[in-house]
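Here is the structure we will look at.
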Amino acid sequence: MKVLIVDDTDINRMVLRVAFEGDGHTTLEAADGIEALQILAREKVDVVLTDILMPRMDGYRLCHEIRTSIGLCDVPIVIYTSTYTSPGDENLAHSLGADRFLKKPAPFQTILTTLHEAIAMPHTAPRPEAWQEVEVLKEYSDTLVAKLERKNIELAEANARLTILDVAKNEFLTIISHELRAPLNGLFSVGDLILAVMPQTEDNRKLQGLFKRSRQRLLSIIEDVLLLTQIDVYGQQFHSAPVPLNAALGCAVKDATEFAHSRHVKFTGPLTNLGLVVADEDLLARALRSLLETAVKFSKNHKTVDLTHEVVGDTTRVIIESHGLSISATAMPKFFDVFSIGETLTPGGDLGLGPAVAHRILSLFGASASVENLEPAGIRLTISLKSVAPNVGSEEQLENRGK
């Protein structure tokens, strides 16, 4: 059997050629309908196996040209394609003169059987109006393509405008973050002076505590906004390297301890032999501190926040568990969302930007964080970091380098 394979993809033709010739058949190849007609004008073949979507002349037009040509009208044609697979496409192929219609991919034995069936069956001329139907479809397709091209241009222009607005937003946030510090420092200083000269009554001590917490929250929000902006603008410039997880986690625990004590919560767990991970040490410590403070917010007074770790393959996981409070079903999906800052997710108030900042930081060096509720009530935060093989550099050397 001599088969003419018509397909614009080289690898498709090669696979079919190897299969046919390995089974003792002869093959010819064409990259489109025009090339196929040129071959058919000089070579006699037993069957044509053609794709549909091809440049210059597609499979539909090739069917029509073969069936309306006096010298070629009896050549069997099998459509073999994944481009169009609806019943309407198959009906149209038959209307244009195709004997069989196969959907890619098909087993080679199925292809062989289909070709033999096409050779054995009588061929019918195409319906006169069939090609007009194809022309209508082509015109409709060209119209859709033109509309899509216009939409792509509009989307590109809109994306350019959004990029400009995003840059302006980031610049604005950076300026605001810096400019707020000076007046706030003045307000804080005056507040400290006023509170210092007030009588040390129980009510005044409560006011001092409230003032201190408010100041810390304002400064924390400003720092978080500034860091989020820097990550958005300069994210590609943050460099990762092997760092000792002991050092980053130890620094995070130290920085979060004062906040934990204010909630009568303690941290427990081993902080040694944690190995090396891929990160920026300062940023990793910042992310861990944010998540530790988040865990504290989900702890009841006099409870503990427990720290553990595990190594699974090339991943080191730091696990933070709090005890006392859980996350609602509505809040869980947006736990790491920037826009959840204003929502009261815990009895102690909202979460601030801490989870969002931690999530953004961790993404810089291919790490991640997840959260889940525990039973009895509590939450588990899992930070997954890329481990570094011990031979990259000793942990002691890296710790000394950072001092």
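Structure notes:
- Projecting the Cα positions of M14, L112, L92 onto the charge dipole of the range 2-128 (unit charges on Cβ atoms of Lys, Arg, Asp and Glu, taken about the Cα centre) puts L92 furthest along the positive direction.
- Fully extended contour minus Cα-Cα distance, from L207 to T268, at 0.36 nm per residue: 18.9 nm
- Packing around the peptides 293-305, 325-337, taken as the average count of other Cβ atoms within 10 Å per residue, puts them in this order, highest first: 293-305, 325-337.
- Treating r as the C-beta distance of D74 and A377 and R0 as 56 Å, the FRET efficiency rounds to 0.10.
- Under 27 Å from K104, Cα to Cα: lysines that are on another chain or at least 8 residues apart: K2, K44, K138
- For L28, the shell of other residues with beta-carbons less than 11 Å away shows a net charge of +1, using +1 for Lys and Arg and -1 for Asp and Glu.
- Two-site FRET efficiency, H116 against V15, from Cβ-Cβ distance with R₀ of 22 Å, rounded to 0.05: 0.65
- Inter-site label distance for R42 and E154 at 7 Å from Cα along Cβ, in nm: 5.0 nm
- Residue-count net charge about A358 - beta-carbon cut-off 9 Å; Lys, Arg +1, Asp, Glu -1: +3
- Cα gyration tensor shape of the range 57-122, rounded if a/c is under 1.5, else prolate or oblate by comparing a/b with b/c: oblate
- Segment K300-R56, extension gain: residue separation times 0.36 nm, minus the distance between their alpha carbons: 80.6 nm
- Set of lysines with alpha-carbon distance to K254 below 24 Å, sequence-local pairs under 8 removed: K212, K266, K297, K300, K303, K386, K403
- Listed peptides 312-323, 90-101 appear in the order 90-101, 312-323 once ranked by packing, highest mean of other Cβ atoms within 10 Å at the front.
- Of the trypsin sites (Lys or Arg not before Pro) found in the range 1-42, not one falls in a DSSP loop while having at most 16 other beta-carbon atoms within 10 Å.
- Measuring r between the beta carbons of V312 and T257 and using R0 = 30 Å, the FRET efficiency lands at 0.55.
Bear in mind that the values in this text are calculations on the coordinates, not laboratory data. Since we're looking at a predicted model, the values are computed, not measured. Ideal geometry is used to build each Cβ from the backbone, glycine not excepted, and the neighbour counts take in all protein chains shown.
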